[in-house]
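The values are calculated or read from the model by the stated rules, or taken from the named source; none is laboratory data. What you are looking at is a predicted structure, and each value in this text was computed from that prediction instead of being measured. Cβ placement follows ideal geometry from the backbone for every residue including glycine, while neighbour counts extend to all protein chains displayed.
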Amino acid sequence: MTNQFEQLRNQLDEVNLEILELINKRASLVQEIGQIKTKQSIRKEFDPVREREMLDLITAKNTGPFENSTIVHIFKEIFKAGLELQEEDHQKALLVSRKRQPENTVIDIKGVKIGNGNINHVFGPCAVESYDQVAQVAESIKGKGLKLLRGGAFKPRTSPYDFQGLGLEGLQILKRIADEYDLVTISEIVTPTDLEKAVEYIDVIQIGARNMQNFELLKAAGQIDKPVLLKRGLSATISEYINAAEYIVSSGNGNVILCERGIRTYEKATRNTLDISAVPILKQETHLPVMVDVTHSTGRRDLLLPTARAALAIGADGIMAEVHPDPAVALSDSAQQMDIPTFDRFYEELTDLENRLK
Ligand SMILES: [Mn+2]
C-alpha cells in the first residue's frame, strides 16, 4: 500500500515536470510568434478569435476527468501568461528602454549636457508676462552660473477665463533674453502648428502634463530638431508616460527629457502628489534624463526645498521650479512661485545638498 502510494506520488512529480517542460515550450513558441509579429508590425494584443479556436480544439479533445469549464479556466491562465510574456518582450523592444540602450542618453543644448550625471536645474517664471519680468529672473539665474530658463508663452489653463499667455510675443521675449543673457530657454508648446514657429525662438520644447497623450503633438515633436521636455500627465501611469516618450523618439527625435510633476490622488494637502518613486523607476526603465518639477507637484512654497532635496537624493537629473520677481501679482501660479530672495536661499540650500551628494 505504502509502496503504491509512493509510486503514484513519484509519477505525479514526473507529470508536473512534463507539464513544466510543455508550458515553457509553449512560452517559447509564443515568443517566436511575437518576434514575427514585431517584424511584420502586427499588433501583439489579445486576439479573441484565435483564442476561441484554441479553446474549441482543446475542449473537443477533452476526455475528462476535468469538466470543460475547468479546462478552459486552466488554459485561459496559460494563454494570459503567454500574452504577458509577449508584452514584456515588447517593453524590452521600446526605443526608450534601458534594455535596448544601457547607457544614458546625454542631451547637449548649447553646450549644456543633460543626462551625463551632472545636475542641471530649470528655473523661471510660470508665464512670460513682460521683458522686464523675465529679465529679472534671467539676471538671477545667470548670477548663479545656471543656464536653463523656463517661461510659459502658451498656457493651457484649467479655466478659459484665466491668463492664456502672450503666445508668439512671449517666445520673442524669451529669444531676446536668451541672446542677451546667454541662456537656454524652455517653453511649452500646445499645437503642432506652433511647434514649427517655436523652434526659431526657443531651445527646448516643453510638452505639458495636459498634453502628454496628445499623440499628434508628440509625433510632431518627434519631427523637430530640438530637445523635448515631456511632463508626466496628471493621471498617467508610468507605463503610459514611457509610451508617450516612445511616440517622440520613434518619430525621430531621441532628445527627450522626462519630468515628474505630481499625479492626481485623493490627497488635498498638496496640489498633486509628487510620485518620487517614479524617478528611479524611469531611470531604470529608460535611458532618458529625469527631472522633477517641485512647483506644480506640491503647489506649496514651503515644500519646494524638501521635495527638491528628495528628488536629488533619489537620483533626479535636476529640478524645475518657478521663480517670479513679484509672485503676489503673478498672472498664474501666484501661490507657489518663489520671489528672488527666496530663490537665492532655495538655491543655496540645494547646492549645499548637491555638494554633499558628490
Ligand atoms: Mn506654473
* Asked: If you go through the stretch 114-161 one residue at a time, how many are more than 16 Å from the ligand (Cβ to nearest atom) and assigned to a loop (DSSP other than H, G, I, E, B)?
  -> 13
* Which numbered condition Thr105 misses (of (1) β-branched (Val, Ile, Thr); (2) part of a helix (DSSP H, G or I); (3) at pLDDT 95 or above) -> (2)
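Quick check on Phe154: is it closer than 25 Å to Asn214 by Cβ and in contact (Cβ under 8 Å) with a residue 24 or more places away in the chain? Write out each step before concluding.
On the way: closer than 25 Å to Asn214 by Cβ: yes; in contact (Cβ under 8 Å) with a residue 24 or more places away in the chain: yes.
Judged against the criteria, Phe154 is a match.
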* Could you tell me whether the stretch 251-258 includes any residue that is surrounded by fewer than 18 Cβ atoms within 10 Å (Cβ to Cβ) and either β-branched (Val, Ile, Thr) or assigned to a strand (DSSP E or B) (or both)? => no
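Pick from the stretch 153-177 the residues that are aliphatic (A, V, I, L, M) and within 18 Å of Ala321 (Cα to Cα): which of them is surrounded by the fewest Cβ atoms within 10 Å (Cβ to Cβ)?
From the stretch 153-177, those aliphatic (A, V, I, L, M) are 153, 166, 168, 171, 173-174, 177; that's our starting set.
Narrowing the set further to residues that are within 18 Å of Ala321 (Cα to Cα) leaves 153, 174.
Working: Ala153: 26, Leu174: 29.
Among those that are aliphatic (A, V, I, L, M) and within 18 Å of Ala321 (Cα to Cα), it is Ala153.
Among the residues of the stretch 264-282, are any assigned to a helix (DSSP H, G or I) and out of contact with any strand residue (DSSP E or B) (no Cβ under 6 Å at 6 or more places or on another chain)? Don't jump to the end; show me each part of the working.
First pass over the stretch 264-282, keeping only residues assigned to a helix (DSSP H, G or I): 278-282.
Adding the requirement that they be out of contact with any strand residue (DSSP E or B) (no Cβ under 6 Å at 6 or more places or on another chain) leaves 280-281.
Yes, the stretch 264-282 contains a residue that is assigned to a helix (DSSP H, G or I) and out of contact with any strand residue (DSSP E or B) (no Cβ under 6 Å at 6 or more places or on another chain).
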* Matching option when the condition is assigned to a helix (DSSP H, G or I) and loosely packed, with under 11 Cβ neighbours inside 10 Å, among Ile36, Ile78 -> Ile36
* Within the stretch 103-117, identify whether any single residue is surrounded by 12 or more Cβ atoms within 10 Å (Cβ to Cβ), small (Gly, Ala, Ser) and in contact with a strand residue (DSSP E or B) (Cβ under 7 Å, 6 or more places away or on another chain), and answer yes or no. => yes
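How do the helices (runs of 4 or more DSSP H) wholly within the stretch 285-358 filter down when requiring 3 or more residues that are at pLDDT 95 or above and more than 13 Å from the ligand (Cβ to nearest atom): which remain? Spell out how you get there, then give the answer.
Values: elements: 294-298, 304-313, 340-357.
Because the criterion is at least 3 residues that are at pLDDT 95 or above and more than 13 Å from the ligand (Cβ to nearest atom), the helices (runs of 4 or more DSSP H) in the stretch 285-358 that meet it are 304-313, 340-357.
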* Name the residues in the stretch 37-66 that are modelled with pLDDT under 85 and over 13 Å from Lys80 (Cα atoms), would you? -> Lys37, Thr38, Lys39, Gln40, Ser41, Ile42, Arg43
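Which one of these is under 27 Å from Pro327 (Cβ atoms) and within 20 Å of the chain's Cα centre (by Cα): Asn120, Asn116? Reasoning before the result, please.
Numbers: Asn116 fails: under 27 Å from Pro327 (Cβ atoms).
Every option except Asn120 fails the conditions.
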